[in-house]
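These notes concern the structure reproduced below.
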Amino acid sequence: MSGLLLRLAGPLQSWGERSAFTPVRDTAPFPTRSALIGMFAAAEGIGRDEGGLDRYQDLRFTVRVDRPGVRLVDYHTVGGGFPKDRTAATSGGSNKGAAVITRRHYLSDAVFVVAVTAPDATVERLADALSRPHWAPYMGRRSCVPDEPFLLRRHVDNPEEELRTRVPLSRSAPRTKDGDGREAGTIAVEFLWEQPPPTSGTAEPVPVDVNDVPVSFAQHGRGHTGRRLYRTRVPVPRSLAGPQETLTQRLIDYAHHEESP
């Protein structure tokens, strides 16, 4: 087993928690398993109706929340002010005859780093696809394009350890001090785990139940099942943070640094 590292950052992200189209299109506060698997399937050129999701069942995701972002709601209309035959179509082949109004939720200025753990052959296959994707990756909606660097590392032996100890943080270090009045050597950062994490030196994880494991992406038969996540705050080295003006260079340096053999 090994892994790869993705950095999900950009002006807007939206990680929908429901497969049905509703007037309110919500977003989870973190990348969903469904969205991540959909991103990989798109990169590999697998269409919605082609199935084949079993190839992703062995993936394990660990998410580090560098910046949770700010929730933004977009009041969205389609087809208003037109004759009925020019308004939005219905599933029955007619037209709605009025504007379709939705409220679409986004996370603004959020940053997540995702460790993807999988068998070595799977990691290599996914890294190749993400480097030269069949369909471009996006963060929940096609308008939400990820910043670069997106694929931080194609291969690491222990991606979760990389999140804890080496991947640059997309935030400045807070001015916190320890009990002796000295600047603290670590920063507490939120992590989301698919398996119960080690708890040495950290509080007990908080379980979070979500319904985001994809069963089908078919256009007229989408379905999901549930999973349990574990939310913790993990101390990471203060040195991973730094001034915002140096962040891009620090990320590029990390992404292009060759691992020692």
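FYI, it's all coordinate maths here, none of it is from the lab. Since the structure is predicted, the reported quantities are computational estimates derived from the model, not experimental observations. Neighbour counts run over all protein chains shown; Cβ positions are idealised from the backbone, glycine included.
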**Complete:** The one condition residue 38 fails out of (1) farther than 26 Å from residue 241 by Cβ; (2) in contact with a helix residue (DSSP H, G or I) (Cβ under 6 Å, 6 or more places away or on another chain) is (2)
**Within region 21-79, tally of residues that are assigned to a loop (DSSP other than H, G, I, E, B) and exposed (fewer than 12 other Cβ atoms within 10 Å of the Cβ)** = 7
**Condition check for residue 82: surrounded by fewer than 16 Cβ atoms within 10 Å (Cβ to Cβ) and of a type outside the set (D, E, K, R)** = yes
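Residue-wise test of (1) part of a strand (DSSP E or B); (2) surrounded by 14 or more Cβ atoms within 10 Å (Cβ to Cβ).
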residue	(1), (2)
210	yes, yes
214	yes, yes
225	yes, no
230	yes, yes
233	yes, yes
245	no, no
249	no, no
253	no, no
